[in-house]
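None of the figures in this text is laboratory data; all of them are computed from the coordinates on show. Not measured: the values here are computed from a predicted model. When we count neighbours, we look across all protein chains shown, and the Cβ atoms used for this are built from the backbone with ideal geometry, even at glycine.
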Amino acid sequence: MSFASVTIIMACLIIMGSVTLLSFNIDALIKNLEDRNEVVAFVDDAVTDEAEARALQPELEALDNIMSVEFISRDEAMENFMSKYDSSLREGIDPTVFRHRFVVHLNDIAQMAETKSAMEGVVGIAKVKAHLEYAKAFVTVRNIVSVVSLVLTIILVFVSIFIMSNTIKLTTFGRREEIAIMKMVGATNSFIRLPFVVEGLVLGLLGGSLAFLAEWGLYALITRRVMGTVSNSILSESFFTLIPFKTLALPVLVVFLGIGVFVGVFGGVNAIRNYLKV
Amino acid sequence: MINMFNVTEVYDSSGTVALDGIDLQIEEGEFVFLVGPSGSGKTTLMKLITGEVRATDGTVVVNDFDMTKIKRRKLPKMRRTLGVVFQDYRLIDNMTVYDNVAFAMRVVGAPNREIRKRVPYVLDLVGLKGCEKRLPNELSGGEQQRVAIARALVNSPRMLVADEPTGNLDPVRSLELMLLFEKINEMGTTVLVVTHEKELVNALAKRVVTIDNGHVISDEMGGYFGDDSE
Ligand SMILES: Nc1ncnc2c1ncn2[C@@H]1O[C@H](COP(=O)(O)OP(=O)(O)OP(=O)(O)O)[C@@H](O)[C@H]1O
Ligand SMILES: [Mg+2]
């Protein structure tokens, strides 16, 4: 049963792993985009003193769902503005038209609306600008991606157990007679099952480790290709980055071995279940 | 020891009534032939004893185990009190004679020291001394059946049951085998043999139970009285 079973465990794990890694990357990409979706809190005009405005920072940081708060003074704001637009627009603009402001990043943009109102509640903050509609779209896309990959993974686990059982069943057919004899001389079911459990365990570990190596190679190859294309295109690398395999290696290995062992043992035990009924 | 009271067996799949109100008592140490025409229910009765089939109705007690109530988990314990021999030997082809017999002891967790002592003794008993290293397909049918009998005996069962053990053998081998069963019986094991061999049954002059159409139609000492027109 060995070669076919290992191959099947490997194939299923690689498909499963690839789908999951793809979804992780899409997720990370979206997260990356989300982080650019900043919330800007404008300090009240009445607060002109920079030190007084800066003093609001701890108050904002104390709110829920805040990842980072960055203070931008009115002078800095004007400089930013100036560098973006040409000189014709700069005429007659004086720093006082700009307000002191905080650029805020959130932990979870799904709760952007609540955080926005909380920020508006802080005394000294006049107005908060946030792109609620973008936030909603990002959250929706992320949810769809995680649901799809979860469903696919579950389906694949079942499919691989099914294929695995049938493969082992085919190859253990020859041992049917042997099992019947064992039962007739009084072997217990657990005694008969033991070698199949051990075999399934070994095959699962083998299939899991081989699949891990294959996944690693595949991932490295694809990452290199994709990044090669990206760096030649308009997309900047800082915006479009893939998760390096290193950071995923341990969880991938653990999950692959876990699923490999589960499928191997369960498949092995399931395959001989019918023979044990005599 | 077998006690059957009013045993009925109906096969769900076909609705066939294979056994219909069987009463049968076999005491410890007896030698019994079970005869009857084809399809009369002999194999079904043997399967009730081995626990392969459960009685639809009635009581079946084998070696003090109530087979109508026994839990699946307890079947191995019950089967260790029983030696079973089949018409087609059922040896494992890629194991030597020695291993085919030793296998039965390993399966029940016997210590190696005991296996090394017991297997040669049993092979000697069935007349297969010196054949330890051979494979089943290097043996004659009669010899293969002796290996199967050695395997059935190796765990010292209280009772030996055999369903047409001589079905594939010529008359001389068949007689030799029946004499082996007699010897085993004389050493203290209860023996129940299903057979169609009229002459052998008459020659051995044991208790003969005849069934037909799921009923016991005669149960007498000494000869083959049933009408076994096969
Ligand atoms: N698994 C089964 N499912 C349905 N019917 C069965 C099954 N096994 C046996 N039967 C039926 O039960 C009846 C008794 O069969 P059984 O095998 O006990 O006869 P037998 O006396 O051993 O015959 P033979 O001498 O040919 O071996 C037959 O009519 C047979 O067709
Ligand atoms: Mg029969």
Report task. Measure nothing but the geometry: give the 0 to 90° angle between the long axis through the Cα atoms of A:2-36 and the longest principal axis through the Cα atoms of chain A, rounded to 10°. Result -> 10 degrees
**Report entry** Directionally averaged projected area (convex hull, Cα atoms, chain A), nm²
**Finding:** 20.7 nm²
Query raised in the report: With axes computed from alpha carbons, what is the tilt in degrees of helix A:74-84 against the longest principal axis of chain A, rounded to the nearest 10 within 0 to 90?
Result: 70 degrees
Requested in this report: Within 10 Å of each Cβ in peptide B:100-108, how many partner chain Cβ atoms are there on average? Round it to a whole number, please.
Outcome: 4
Query - Net +/- balance of residues flanking B:Asn3 in space, Cβ distance below 11 Å, scoring K and R +1, D and E -1 - result: -4
Query raised in the report: Do you know the relative contact order of the stretch A:139-265, to the nearest whole percent, from alpha carbon pairs under 8 angstrom that are 6+ apart?
Result: 41 percent
Requested in this report: Would you mind classifying the stretch A:22-83 by shape? Square roots of the alpha carbon gyration tensor eigenvalues, ordered a ≥ b ≥ c; an a/c under 1.5 is rounded, otherwise it is prolate if a/b is larger than b/c and oblate if not.
Outcome: oblate
Query raised in the report: How far apart, in nm, are the 7 Å Cα→Cβ label points at A:Asn143 and B:Glu132?
Result: 7.5 nm
Requested in this report: Give me D for the stretch B:10-118 in µm² s⁻¹, whole number, from Stokes-Einstein with Rh from the Kirkwood sum over alpha-carbon pairs, 10 °C and 1.306 mPa s.
Outcome: 96 µm²/s
Report summary line: Scattering profile of chain B from the Debye formula, Cα beads only, expressed as log10 I(q)/I(0) at q = 0.09, 0.16, 0.17 Å⁻¹, is -0.36, -1.14, -1.27
**Report entry** Given B:Lys69/B:Lys206; A:Lys277/B:Lys133; B:Lys47/B:Lys198; B:Lys117/B:Lys183; B:Lys42/B:Lys206, the pairs whose alpha carbons are separated by over 26 Å
**Finding:** B:Lys69/B:Lys206; A:Lys277/B:Lys133
Report summary line: Once normalised by the length of the stretch B:93-155, the mean sequence separation of its alpha carbon contacts under 8 Å that are 6 or more apart gives a contact order in percent of 52 percent
Report summary line: Nearest-0.05 FRET efficiency for B:Asp170 and A:Leu221 at R0 = 51 Å, using Cβ-Cβ distance, is 0.15
Query - Of every Cα-Cα pair in the stretch A:131-248, the percent that sits beyond 24 Å - result: 58 percent
Query raised in the report: What nm distance separates the two modelled labels at A:Arg36 and B:Asn94, each placed 7 Å from Cα along Cα→Cβ?
Result: 6.2 nm
**Report entry** Cα-based equivalent ellipsoid, the stretch A:38-130: semi-axes from gyration tensor eigenvalues, Å
**Finding:** 25, 15, 10
Requested in this report: For A:Lys129 and A:Leu201, calculate 0.36 nm times their separation in residues minus their Cα-Cα distance, and state this gained length in nm to one decimal.
Outcome: 20.2 nm
Report task. Could you compute the FRET efficiency for B:Glu114 and B:Leu179, with r as their C-beta to C-beta distance and R0 at 30 Å, rounded to 0.05? Result -> 0.60
**Report entry** Mean projected area (nm²) of the alpha-carbon convex hull when the stretch B:93-155 is viewed from all directions
**Finding:** 3.7 nm²
Report task. Run the quick spin-label model on A:Ala180 and A:Met82: label points 7 Å from Cα toward the beta carbon, then report their separation in nm to one decimal. Result -> 9.5 nm
**Report entry** Where only alpha carbons of the protein assembly as shown are counted, the Rg and the Dmax (Å)
**Finding:** 40.1, 132
**Report entry** Nearest-ten-degree value, helix A:245-272 long axis tilted from longest Cα axis of chain A
**Finding:** 30 degrees
